[in-house]
Amino acid sequence: MLQICHRILGALALSCALVAQARADDLDLCIDSAANPDASIPACTRLLDKGGSVEEASELYNQRGVAKEGKGDLDGASRDFTAALDRNPNLTVALKNRGFVRKKLGEADLAVADFSRALRLAQNGPLAADLYNLRGATLIDKDEYDAAIADFNRSIMVDRKYVKAYVNRGQAYYFKRDFDKAIADFDQAVRLLPDDPFGYSNRAMARMEKADFKGAIADYDRAIRLDPRNPTWHSRRGEAWRLQGDLDRSLADHDRALSLKPNEEAYNNRALTLKDMGKLSDAQNDCSEAILLNPSYDLAYANRGLVRRLAGDLRGALRDLDKAIGLAQRSTAALTYRGDAYRELGDIGRALQDYDEAIRILPDYIAAHAGRGLALEKKGDRAGAKAAFQRAASLSSDADAGVAKPAQKIAKERLAAIRVEEGEADPGVRVALVVGNSAYRAVPALPNPQKDADAVAKALEGLGFKTVIKVYNASNVDFLAALKTFEEKAAQADWGVIFYAGHGFQIAGGNYLIPVDAQLRTDQDVQKEAVPLERVLQAANKAKKLRLVLLDACRDNPFEPKMKRVITTHVVTQGLSSIEPRGGTLVAYATRDGHTAEDGDGDHSPFTQALLDNMAKHGVEINMLFRQVRDQVLKLTQGRQDPFTYGSLTSERFYFVAR
C-alpha cells in the first residue's frame, strides 16, 4: 500500500500509522474536503471506521466537519468539530472551524468563546490574523462595534495586507455611521485587491450614505467592468442613480439586473424607483415579487408597506410593516413607516411609540423626528411639534439621504409655517462662516475639527441661517478667500457668525488661527502663514446687529518645539490671549485665555458638543446660552476646561431660536 506521511489535515500532518491503515484514494478524498465535500464525507467516515490514534481521529473529524460545512450541514459540521476537540482540545484549527460554524448558526457568544480560546493557543502565529478577524466579524453580529474594531486592528497588526480585516473594519465603521473611516478602510482594500469588485461595491455603499452619489456610481462602474454579469452591481448602481434623481437610468439598471438574474434585491430596488415615478401599483408588484423570492426579506415588506400607505391602503400597510418589524426589530425605516401609517389613521399614541423607538435606536434618524413632529402637530401639541421639526432640520441629511432629505424638507416647511402662525419675531438675515482644520501637513492631524465644523454648519442651516459658508482643511489662501466672501455677505446681514475649529495660539501678544498648510519654521513666519484673529473680527464686524466669533482653537501648540526664534524671545504655548472686541461683538473661546482646550475622545470636542446641545434650545438668550455651554463643558471635562466669552452686546435680546 502506498505510504503517504506528510498529508496536511487542518494544518496538522497525518501520521504514517494512519496512512498505513487507509487506502490512498480515501485519504486524498478526505483531505479534499473543501473542494469535493460529496466525496470527502464518506471517505473520512471510512477512515474513521477503521480506527486509529486519538490524534488522528481528531484530524479526520475536523476534515469531515469542513466538508459538511461546505454542504450546508452546519449542525453536522458543529458536531464533528466538537468530536475533534473532544479528542484533542488543543486542535486550534478545529476551534476556528467550530467558531465559524457557530457564527453562521447565530450562536455568537459560543463562537466568540471558540475564537478566544483558539487565539490563546495561536499566540500570534499564522492563524492569528484570521482568528482576530473572525472574532471581530462575530462581534459585529452582536452590535459590539468598538470591540470588533479593536480585533480588526489586532488582525492588521499581525498582517498589514490582510484584506478581509480592512473590509470588516470598514463594515464596523459603516454600522457606527462613521462613513469617512469606513471609506478609508475600503480604499485600502481596493489598493490591496484592485481587481476585486466587492471592494468597490463596499466603498460605493459608504459613499451613498454620505450622499456622494457621483462617487458611488463611479465605484459601481468599476465593479461592473470587473464583473459585468453580476446583477447586484447593476441594481445598486440603479439605486445610486435614483437617489441622484435620474430615474430613467435607475430603471434601466434595475431592468438589466433582473434580465441577468431575477433576485429580491433588484425587485425591491426597482420598486423604489417606480414609487418615485408615481407608479405605485407596479412598485407594489415588484415588492411582492421580492417577497416571493425571499419570504424573510424585511426590506421588501417595509417598502411594500410604504407604497401601500402612499396608495391609501393603511391597513394593508400596517400588516406589511408589522411583518417587517417582526423580521428586523431594529429597522428604523420600518418603525418610522409604521408610525406614519398609525399617524394617518389617527392613532397618535402608537405613532409616537414607533417614532420614539426609531429615535432610540438611531438618534439622528431625521425621518422619525419629522414624523414625530407631524404626529404632535396633529395632536395639537404645537410646542412639541416645533421642537421635533427643529431637531429634524438641524441634523445632517447626508446619511439615509433617500429618506432623510424629503423628511427634512417637510420639517423645515412645517417649522416655518408654525413660526408664521405664532408671529415669531424675524431674526433678520443671518450668515455664517464655518472653518474646520483637521488635516495639518507639518504636524499631526486633529481628529475632530472637521467633524465639529460640519456639525455646526448643519445646525446653523437647520436654525434658518440664510448662508453658511463651509471651508474644511483650509490653506492660508482658502482661509483668507473665505473671510473675504463672508465679509461681503455679512455687510448685507443682521447677524454674522464665524465658527473656527483647529489650531490657534498666541505669539508676542497676538492671536493667530493656523491654516493646514502652515509650516511655521520660525516665529517670523506666523505673519505670512497664519491668519490673525483681528482679520477674523474685521470680517465679522460688517454685520449690522450681532457679531459672534466662536473659537474652538485653544489646543496645545505642536509647532512650538521646532519653531526657531527670530523676532521674539518667547512663544506663549498656552492657548489664546484675552481680547477686547468692539461693542455688539461677542467672542467665545473654548477655554479661558492662557489655557488649553481638549479635542475630545468622542465625535466632537467638549466645547462643540456643548454648543450643538444648546444652540437649538428655545427661548435661550445668547448670553445665557454661553453660560449653559460653560456649565456643560466644565461638567464634561471634570473642571479642566472653562469656556470664556469676551466682549459685550447691545440691549437687544438675541436668540438662535426665540421660542
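Principal-axis analysis of the Cα atoms of the chain puts helix 197-209 at an angle of about 30° to the longest axis. The alpha carbons of the chain occupy a box of 101, 71, 44 Å along the principal axes, longest dimension given first. Of the residues Pro447, Leu27, Leu192, the one whose Cα sits farthest toward the positive end of the charge dipole of the chain, with +1 on the Cβ of Lys and Arg and -1 on the Cβ of Asp and Glu, is Pro447.
Using the Cα gyration tensor of region 243-299, with a ≥ b ≥ c the square roots of its eigenvalues, what is the shape: rounded (a/c below 1.5), prolate (a/b larger than b/c) or oblate (neither)? Note, shape of region 243-299 comes out oblate. Footprinting exposure proxy ranking of Ser33, Ser281, Ser577, Ser331, fewest other C-beta atoms within 10 angstrom first, gives Ser281, Ser577, Ser331, Ser33.
How big is the charge dipole of region 425-648 about its Cα centre, in debye rounded to the nearest 20, if each Lys and Arg gets +1 on its Cβ and each Asp and Glu gets -1 on its Cβ?
My answer is approximately 380 debye.
Amide H contacts for Lys617 (H built 1.01 Å from N in the peptide plane; partners 5 or more residues away or on another chain; cut-off under 5 Å): none found. Ordering His604, His618, His595 from the fewest to the most neighbouring beta carbons within 10 Å gives His618, His595, His604.
Just check region 425-648 against the gyration tensor rule for me: Cα atoms, a ≥ b ≥ c as the square roots of the eigenvalues, rounded for a/c under 1.5, and otherwise prolate or oblate depending on whether a/b exceeds b/c. It comes out prolate by the Cα gyration axes. Evaluated with a Cβ-only charge set (Lys, Arg +1; Asp, Glu -1), region 279-344 carries a dipole of roughly 200 debye about its Cα centre, given to the nearest 20. What you get for the chain, charging only the Cβ of Lys and Arg (+1) and of Asp and Glu (-1), is a dipole of about 1000 debye around the Cα centre. For the chain, take the longest principal axis of its alpha carbons; what is the angle in degrees between that and the long axis of helix 231-244, to the nearest 10 within 0 to 90? The answer is roughly 10 degrees. Placing pseudo-labels 7 Å out from each Cα toward the beta carbon at Met277 and Asp255 gives an inter-label distance of 0.7 nm.
Going by a ≥ b ≥ c, the root eigenvalues of the Cα gyration tensor, does region 574-643 fall in the rounded group (a/c under 1.5), the prolate group (a/b larger than b/c) or the oblate group?
Numbers: a/c = 2.03, a/b = 1.04, b/c = 1.97.
Because a/c hits 1.5 or more and a/b fails to exceed b/c, region 574-643 counts as oblate.
Pairing the Cα long axis of helix 314-327 with the longest principal axis of the chain, what angle in degrees results, from 0 to 90 and rounded to the nearest 10? Tilt of helix 314-327: around 60 degrees.
Based only on other Cβ atoms within 10 Å, what is the fewest-to-most ordering of Phe100, Phe152?
By the 10 Å Cβ count, ascending: Phe100, Phe152.
Every number in this text was worked out from the coordinates using simple rules, so none of it is lab data. Note that the structure is a prediction, hence the values are computed from the model and not measured. Heads up, the Cβs are rebuilt from the backbone with ideal geometry, glycines too, and the neighbour counts pull from every protein chain shown.
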